[in-house]
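In what follows, a single structure is set out as structure tokens and then discussed.
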Amino acid sequence: MPSAARKKLSFDPIDEAARQWGLRWDAVEQMHAVTSLMRVQQLVLGELDEILRPHGLSFARYEALVLLTFSRAGALPLGKMGERLQVHPTSVTSIVDRLEAAGHVVRRRHPEDGRAVLAEITASGRSVVEAATADLVSARFALADTPAEDLRELSSLLRPLRRRAGDF
């Protein structure tokens, strides 16, 4: 995950922030964990977006295409996409706008609910999701150097946080 363009610091800035934090406030461990989690999220998302850039995708657009690929009919109402992707309706609209502009999805009227709009994956969308997935799998989703046991432990540690937040 290290970027050649980014200068490495001689110290861990999150450790230093936690030290400084502890001089003023409580909840040092929580602050350190959240800050670490957010930084890792930035790093991993940056790597994923780099992998997906040649396909004209961001990770958010990739996730939307995968969701449509997993759906039985290859189409879902935009509202349902937002629920499943756990993003705001405005974000879904933006994601679908970009995918539609690229020819990866088309919007269709819902056959039973005239108020709803479906996003339907196209042949181009199916093709790009297959190629992008091959690249992500090859790069091990930017976590190639992390042992499988550690990945399982990380997922296990995060599950209760997600559950408490109402993810599932």
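Observations on the model:
- The stretch 47-63: number of residues that are assigned to a helix (DSSP H, G or I) and open to solvent by less than 70 Å² (accessible area, probe 1.4 Å): 10
- Odd one out for L136, checked against (1) out of contact with any helix residue (DSSP H, G or I) (no Cβ under 7 Å at 6 or more places or on another chain); (2) within 30 Å of A33 (Cβ to Cβ): (1)
- Among the residues of the stretch 67-86, some residue qualifies, meaning at least one is more than 16 Å from L136 (Cβ to Cβ), in contact (Cβ under 8 Å) with a residue 40 or more places away in the chain and open to solvent by 100 Å² or more (accessible area, probe 1.4 Å).
- Residues satisfying the stated conditions in the stretch 106-119, i.e. out of contact with any Leu (no Cβ under 9 Å at 6 or more places or on another chain) and touching a residue at least 24 places away in the same chain (Cβ under 8 Å): D113
- Against the numbered list (1) at pLDDT 95 or above; (2) of a type outside the set (S, T, N, Q); (3) more than 21 Å from the chain's Cα centre (by Cα), G114 comes up short only at (1).
- Scanning the stretch 40-55 for residues that are within 22 Å of L158 (Cβ to Cβ) and not hydrophobic (A, V, I, L, M, F, W, C) turns up Q41, Q42, G46, E47, D49.
- When residues of the stretch 87-107 are limited to those that are of a type outside the set (A, V, I, L, M) and under 13 Å from V129 (Cα atoms), the one surrounded by the fewest Cβ atoms within 10 Å (Cβ to Cβ): G103
- Exclusive hit being within 25 Å of G166 (Cβ to Cβ), under 15 Å from the mean Cα position of the chain (by Cα) and outside any helix (DSSP H, G or I), set V66, V44, V40, V87: V87
- Test: residue in the stretch 109-119 that is surrounded by fewer than 20 Cβ atoms within 10 Å (Cβ to Cβ), part of a loop (DSSP other than H, G, I, E, B) and acidic (D, E): yes
- The stretch 120-144, subset without any contact (Cβ under 8 Å) to a residue 60 or more places away in the chain and within 22 Å of L43 (Cα to Cα), residue most open to solvent (accessible area, probe 1.4 Å): R140
The values are calculated or read from the model by the stated rules, or taken from the named source; none is laboratory data. Predicted model only: the values in this text are computed from it and were never measured. Counting neighbours? That spans all protein chains shown, and the Cβs are built from the backbone with ideal geometry, glycine included. With ligands, DNA and RNA removed, areas are computed over all heavy atoms of the protein, side chains included. Shrake-Rupley method; radii C 1.70, N 1.55, O 1.52, S 1.80 Å.
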